[in-house]
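Every number here is computed from the coordinates shown, using simple stated rules; none is lab data. Worth saying up front: this structure is predicted, and the values here are computed from it rather than measured. No Cβ is skipped: glycine too gets one built from the backbone with ideal geometry, and neighbour counts run over all protein chains shown.
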Amino acid sequence: SEAEAGFLARALLSVVKAAPAPTKDSATYVNPQSWQVSTAGARGVLFKEQDAPGWHATANGKPTPIYPAGPGMMWVPLTGTGPVTVALTYRLSTVEKLGFAGSFGTLIAMAVLLLSRRARDLLGRRARRLVDGPTLTVPRDRLPVG
């Protein structure tokens, strides 16, 4: 009945606190290595990105810690109640940069090697020797006469 529904609604509203007014938050996907989130009054920001040592977060330009928040997520806690802009960026480590440089250097070396005529000839002779087997020198008097 309507009376019972009204009683239940009043009982629930007396126990449950009123929800806060929605905030005007914005999230900007800059590129795969960068996010920017603007919010006011939030206690933190949850990013759906895999936690890795290369991620760095700033809140209003000041470094802030990042915590793993489950599989494939990171939590950036915020202090204060005012508006805040959180920037999350990924920077390659020195080892990753060296790996990319080494791979690129190997690619260039292989291209030079394959395009060099002398190198192709040298590799061709070695390949023929491997396929044909070793060269044997047989004196003429030992050749089979047919």
Putting +1 on Lys and Arg Cβ atoms and -1 on Asp and Glu Cβ atoms, find which of 110, 67, 14 reaches farthest to the positive end of the dipole of the chain. 110
Convex hull volume of the Cα atoms in the range 49-133, per residue, in Å³? 152
Distance histogram in 10 Å bins (all Cα pairs of the chain, percent per bin): 8, 19, 15, 12, 12, 10, 7, 6, 5, 3, 1, 1, 0
Rounded to the nearest 20 debye, what is the charge dipole size of the chain about its Cα centre when +1 sits on each Lys and Arg Cβ and -1 on each Asp and Glu Cβ? 1160
Would you mind pulling out the separation of the Cα centroids of the range 23-37 and the range 72-104, in Å? 13
Using only the alpha-carbon atoms, how far is helix 117-132 inclined from the longest principal axis of the chain? Give it as 0 to 90 degrees, nearest 10. 70
